[in-house]
Amino acid sequence: MSDAHDGRGADSSKAAKAAQLFDIRRIIGGLFTVYGLILFVAGLIDGPAASKKAAGIDINVWTGLGMLVVGVLLLVWMRLNPVQPPEPARDDDQARPTH
């Protein structure tokens, strides 16, 4: 009997989706990307006065770009190397230690 017919295949697929849903890389990468985009746009619409306050450096643009890069890298890493749920314990005699 194959896994698809006895219900274990569906359980493992559901566990894999749950593990990927709560992957910390997704949460942190998404937040870094959103906040980086907000900072980047804020830096673009800031006037020259904001640049003068930061010694001539447009700090919002550079910080936003850095956060965007980190966020996208985390999301790409999550996509290329997804989390796999742990294998369930086997319940046969071969898996038990002998005394």
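Scanning region 4-17 finds no residues that are assigned to a helix (DSSP H, G or I), modelled with pLDDT of 80 or more and more than 25 Å from V83 (Cβ to Cβ).
F22 meets the conditions (1) modelled with pLDDT of 90 or more; (2) within 30 Å of E87 (Cβ to Cβ) in every case but one. The failed one is (1). Looking across region 51-64, the residues that are loosely packed, with under 15 Cβ neighbours inside 10 Å, in contact with a helix residue (DSSP H, G or I) (Cβ under 9 Å, 6 or more places away or on another chain) and aliphatic (A, V, I, L, M) come down to A54, I57.
Contact annotation: residue pairs with Cβ atoms under 6 Å, 6 or more positions apart or on different chains, pairing a residue in region 60-89 that is within 14 Å of L31 (Cβ to Cβ) with a partner that is in a loop (DSSP other than H, G, I, E, B), are M78/D23.
The values are calculated or read from the model by the stated rules, or taken from the named source; none is laboratory data. For clarity, every value in this text was computed on a predicted model and none was experimentally measured. Don't worry about glycine lacking a Cβ; one is built from the backbone with ideal geometry, like all the others, and counts go over all protein chains shown.
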